[in-house]
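The values are calculated or read from the model by the stated rules, or taken from the named source; none is laboratory data. All figures in this text were calculated on a predicted structure; none of them were measured in a lab. Cβ atoms come from the backbone with ideal geometry, glycine included; neighbour counts cover every protein chain shown. Ligands, DNA and RNA are excluded from the accessible area calculation, which covers all protein heavy atoms including side chains. Shrake-Rupley method; radii C 1.70, N 1.55, O 1.52, S 1.80 Å.
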Amino acid sequence: MRRIQCTVAYDGTLFSGYQIQPNGRTVQEEIEKALTRLHGGKEVKIHASGRTDASVHAKGQVFHFDTTSTISVNQIERGANALLPEDIVVVDTKETSEDFHARFSVKKKEYRYKVLCSKSRDVFLRHYMHHVPYELDRKVMKEAIKGVIGTHDFTSFCSAKTEIEDKVRTIYEAEIIEEGDVLTFRFVGNGFLYNMVRILVGTLLDLGSGKSFTKDISGMLEAKNRTLTGKTAPGHGLYLWKVYYDN
């Protein structure tokens, strides 16, 4: 038995999310269908680093699967890409050790969220960036995002729907990258709660627009109260950018 590790990118626009579900097109289903065909109809199940929601994109999602096939990793990559739809592409494939797990071996993840700050919408970017048509105080947002760095209980910044009890996570890096009208909110951490990045971005945008009653991210964290933070930013601006492992 061989364990194959793949890095995949996808455009989340036409997907109902990553994970297979009864109704709706999903990334996992498309990949498993392609790999099953590549294995002559023998069912292949994949295990990913985590899920992404509807309309969320990935530049560096990682999954693994086990196979008894002797086909080379290069042939797996080429064959899978020939069978996958145009909005999914395998960008790297390698054989790994049997103790590697795409989810449980994760050391860090990097998410990026893209915002277009312009008076007019850009019809060509509407699926890939959240549009903000008003002025933002970038200085305020850049100062506020620093408060996210470190180990905190992120109860205030996760969906009330989450069933995870331990909401303590460590953020190693958090910054806002400016490229003209495009702002990229970048977060690197040991893990992220459901909707955590989107709520962080929504809160920072509120701070930048002057809507929020406080500029103190630390106070929001300490309160452990979702009602004190901003709206959940739309999914289409979010990217699972990179997953970090030891291998």
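Among the residues of region 5-15, is there at least one that is of a type in the set (A, V, I, L, M) and either closer than 12 Å to Ala54 by Cα or modelled with pLDDT under 95 (or both)? Can you show your working first?
Start the filter on region 5-15 by keeping residues that are of a type in the set (A, V, I, L, M), which leaves 8-9, 14.
From the residues that got through so far, the ones that are either closer than 12 Å to Ala54 by Cα or modelled with pLDDT under 95 (or both) too are 14.
Within region 5-15, one or more residues are of a type in the set (A, V, I, L, M) and either closer than 12 Å to Ala54 by Cα or modelled with pLDDT under 95 (or both).
Can you pull out the residues in region 175-194 that are within 16 Å of the chain's Cα centre (by Cα) and either touching a residue at least 60 places away in the same chain (Cβ under 8 Å) or crowded, with 22+ Cβ neighbours inside 10 Å (or both)?
Of everything in region 175-194, those that are within 16 Å of the chain's Cα centre (by Cα) and either touching a residue at least 60 places away in the same chain (Cβ under 8 Å) or crowded, with 22+ Cβ neighbours inside 10 Å (or both) turn out to be Thr184, Phe185, Arg186, Phe187, Val188, Gly189, Asn190, Gly191, Phe192.
I want to confirm something. Restricting to region 1-17 and keeping residues that are touching a Phe, Trp or Tyr at 6+ places or on another chain (Cβ under 9 Å) and farther than 23 Å from Thr96 by Cα, which single residue is least open to solvent (accessible area, probe 1.4 Å)? Break it down into steps so the answer makes sense when it comes.
Step one: list which residues in region 1-17 are touching a Phe, Trp or Tyr at 6+ places or on another chain (Cβ under 9 Å), which gives 3-8, 10-13.
Within this subset, residues satisfying the condition of being farther than 23 Å from Thr96 by Cα are 11-13.
Details: Asp11: 43, Gly12: 1, Thr13: 43 Å².
For region 1-17, the residue satisfying everything is Gly12.
From the list Ile46, Ile31, Ile4, exactly one residue is of a type in the set (Val, Ile, Thr) and either in contact (Cβ under 8 Å) with a residue 60 or more places away in the chain or farther than 20 Å from Glu95 by Cα (or both). Which is it?
On the way: Ile46 fails: either in contact (Cβ under 8 Å) with a residue 60 or more places away in the chain or farther than 20 Å from Glu95 by Cα (or both); Ile31 fails: either in contact (Cβ under 8 Å) with a residue 60 or more places away in the chain or farther than 20 Å from Glu95 by Cα (or both).
Going through Ile46, Ile31, Ile4 in turn, the sole match is Ile4.
Are any of the residues in region 64-72 open to solvent by less than 40 Å² (accessible area, probe 1.4 Å), aromatic (Phe, Trp, Tyr) and in contact with a Ser or Thr (Cβ under 8 Å, 6 or more places away or on another chain)?
So far as region 64-72 goes, no, none of its residues is open to solvent by less than 40 Å² (accessible area, probe 1.4 Å), aromatic (Phe, Trp, Tyr) and in contact with a Ser or Thr (Cβ under 8 Å, 6 or more places away or on another chain).
Show the residue pairs meeting these rules: Cβ distance below 7 Å; 6+ apart or different chains; first residue within region 64-93 and under 14 Å from Val8 (Cα atoms) and touching a residue at least 40 places away in the same chain (Cβ under 8 Å); second residue part of a loop (DSSP other than H, G, I, E, B) and aromatic (Phe, Trp, Tyr).
Correct list of pairs: His64/Phe100.
Select from region 9-28 the residues that are within 14 Å of Val90 (Cα to Cα) and among the hydrophobic types (A, V, I, L, M, F, W, C) and list them in ascending order.
So the first thing to find is which residues in region 9-28 are within 14 Å of Val90 (Cα to Cα), and the list is 9-11, 27-28.
Residues satisfying the conditions are Ala9, Val27.
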